[in-house]
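Step one of this worksheet: look at the structure below.
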Amino acid sequence: MSLKRIDLLICCGSGCVSAGAMKIKERFHEVLKEHDLTNEVNIIETGCMGPCDYGPVMVIYPEGIFYQKVTPDDVEEIVNEHFIKGRPVTRLMLQEEEKTFSVQKDVPFYQKQVKVALENCGYINPESLDEYIAMDGYEALGKVLSEMKPQEVIDVIKTSGLRGRGGGGFPTHIKWQMVHDKKSDQKYIICNADEGDPGAFMDRSLLEGDPHRVLEGMMIAAYAMGASNGFFYIRAEYPLAIKRIKGAISQAQDLGLMGKDIFGSNFCFEAEVRTGAGAFVCGEETALIHSIEGERGNPSPKPPYPAVEGLWGKPTVVNNVETLGNIPTIFRKGAEWFANMGTEKSKGTKVFALTGDIKNTGLVEVPMGITLRELIFDVGGGLVGDHKFKAVQLGGPSGGCLTAEHLDVGVDYESLKERGAMMGSGGVIVMNDEKCMVNVAKFFMDFCVEESCGKCSPCRIGLKQMQEILKRITSGFGREGDIEELQRLGESISKLSLCGLGQTAPNPVLSTIRYFRDEYEAHIRDHSCFTKVCQDLMHYDIDKDRCIGCSLCARKCPVNCISGSRDEKYTIHQGDCIKCGNCYDVCPVKAIDKVPGMHKDIVAHRAAMAKASSQYED
């Protein structure tokens, strides 16, 4: 650890880096050199500190002062005022409701969080083994190898109640026990870091911010089940995570924490990294295993389960990044300590990626059982602007949408599943009242169709049929019976698909029908989108009383569908309008309205075409 007077921790998670954190770091090096302070200030690149909306963020010790939305132009002032004169810069502190939060732990974003898997993220240099050890790193591994038998390790995990954090919530100890009991000359453990949900960045942040923790968790798991080789399967889109875990492996090998006879025991272990090409389906464990073997990443029917016949036909455990990240803390603080958090069936904490129409987007870790209201409004700070909360999507493309009536539901595996959603890997997308839920369902269905491997027909054909129906509904061609057909298809696909992708892909559609059926009906029967999101189900109209005849709308129209004059005012010819919105954007007096509902002329034209088509078929 640093012996310098000041520790300057700069968040270098992907969110802050994209906001300019590296330029700020470079500027600090320049200014500190100019003031001859290089030997007094230790600049540390940390992993994600959590509040992405505040980024770039930094914390300055020993006081723990928290600065947010820092720019390179602020560096000179921080050095002069804070470092030299000892006066923290108030204007860079978080200010909410006329209150200033100077210290990181007092910021409302952190108040209801409990850090277990993320306890070191944002506090240590993730590329420093010394800093990890200084935070009790590898203490749990040493304890396990020197004091415990493999079965005792599994029993501790059983007592803790730890369940898989990858989405399914399968009890961790059962997987370990199955591989432990299986006789084999070779066993494997795989860390599944193929995180592909839209809006999810939990696994990436943990690997980037505390790679040694995940590696230590993997080795404890390997010892418990008798595995001697491990693989980190990380998608290629995560180059920093790959770099950091490779660095952690190399450091552990150099210090004798990995290899032969670790901690003087008979336990030998080696690990390596394999990169995935970005296929969402490779998050499914059998598809992931095939990818590591060099085969096409398609899922296989189960049984046999990987715990019986996995990588290269040997017993294999596949654990999620966050699952492994919890393990060192469980052995340092005790299984009972971990089990005392959460609910009866969902123990411990859960890491979530908060995104969407919310003030405090970012990475959070909260106890299981926290209500959606607390997660969204207390930790997340509520919705941006004057908009109302409409829905929250939990579990990514495999999850479901819940409504305002569910805000007091506890976030745990069973409660969410009962209501048509799921924990998933931890993606939470908050939506305001401007979102069209039919369009949201279509977005996730588009994703699942694109990512389906096509191996089984329920997923390959069924999802495509659901997608086509949703396209028809959002384009104004919905028909009576479409809702029921979506439900029938969704339920069949869920029952008959080969893997978890197909089995859960209909969830966004089924949950939005369950809670927002009125929007589907409006799209089909009234040719109207309440929120004016579906372009084909809205139109632009010029209010002649407000129109000043400036002709700007007509001049900006790319298809020349607006005509008129200063005296006659202007009119939009609806049949030719492509709804680009140029006229709406440029009108200086806001005389153009965005109106929900397909224009009556278009509705009449389509009805006539349908009638003619029907007569022709007869």
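Readers should treat all values here as calculations from the given coordinates under stated rules, not as data from a laboratory. These numbers come from a predicted model, not from an experiment. Positions of Cβ are generated from backbone atoms using ideal geometry, with glycine treated the same way; all protein chains shown enter the neighbour counts.
Each residue of region 437-525 gets 72 Å³ once the volume of the Cα convex hull is shared out per residue.
Each of Trp312, Trp337, Trp176 was scored by other Cβ atoms within 10 Å of its Cβ. Arranged with the fewest first, they read Trp312, Trp337, Trp176. For the pair region 90-156 and region 525-557, the centres of their Cα atoms are 53 angstrom apart. Once the Cα-Cα distance is subtracted from the 0.36 nm per residue extended length, the Asn39 to Val586 segment shows a gain of 191.3 nm.
With Cα atoms defining each centre, region 353-419 and region 438-483 are spaced 25 Å apart in the structure. For region 174-237, applying the loop criterion from DSSP together with a ceiling of 11 other beta carbons within 10 Å to the trypsin sites (Lys or Arg not before Pro) yields Lys183. Binning the C-alpha pair distances of region 8-86 at 5 Å intervals from 0 yields a P(r) profile of 3, 17, 30, 28, 16, 6, 1 %, listed from the shortest bin outward. Most simply put, region 129-339 has about 10% antiparallel DSSP beta bridges, counting only bridges with both residues inside it.
With one equal scatterer per alpha carbon and no solvent term, the Debye-computed log10 I(q)/I(0) for region 129-339 at 0.10 1/Å reads -0.38. Against the empirical curve 2.2 N^0.38 Å, the C-alpha radius of gyration of region 57-176 lands at a ratio of 1.52.
Legend: calculated FRET efficiency, Glu405 to Ser492, from the Cβ-Cβ distance at R0 = 25 Å, rounded to 0.05, equals 0.35.
Normalising the Debye intensity of region 421-482 to I(0), with uniform scatterers on Cα atoms only, and taking log10 at q = 0.23, 0.27 Å⁻¹ returns -1.06, -1.14. Applying 0.36 nm per residue to the separation of Leu3 and Lys158 and subtracting their alpha-carbon distance, the gain on full extension is 51.7 nm. For the chain, the fraction of C-alpha pairs farther apart than 43 angstrom is 32 percent. Across region 535-602, C-alpha contacts under 8 Å between residues 6 or more apart give a mean separation that, scaled by the residue count, equals a relative contact order of 46 percent.
Across region 349-432, C-alpha contacts under 8 Å between residues 6 or more apart give a mean separation that, scaled by the residue count, equals a relative contact order of 37 percent. Helices in the chain, meaning DSSP H runs of at least 4 residues, each add -39500 (n - 2.57). Divided by all residues, the mean residue ellipticity at 222 nm is -10500 deg cm²/dmol.
Put simply, the C-alpha atoms of region 349-432 give a gyration tensor, and the ellipsoid matching it has half-axes of 18, 14, 12 Å, longest first.
Using Cα-only point scatterers and the Debye equation, what is log10 of I(q)/I(0) for region 535-602 at each q in 0.15, 0.22 Å⁻¹, rounded to two decimals? Taken in order of the listed q values, log10 I(q)/I(0) reads -0.40, -0.88. Please report the net charge: other residues with Cβ closer than 12 Å to the Cβ of Met445, K and R +1, D and E -1. That sum, taken over residues with Cβ under 12 Å, equals -1.
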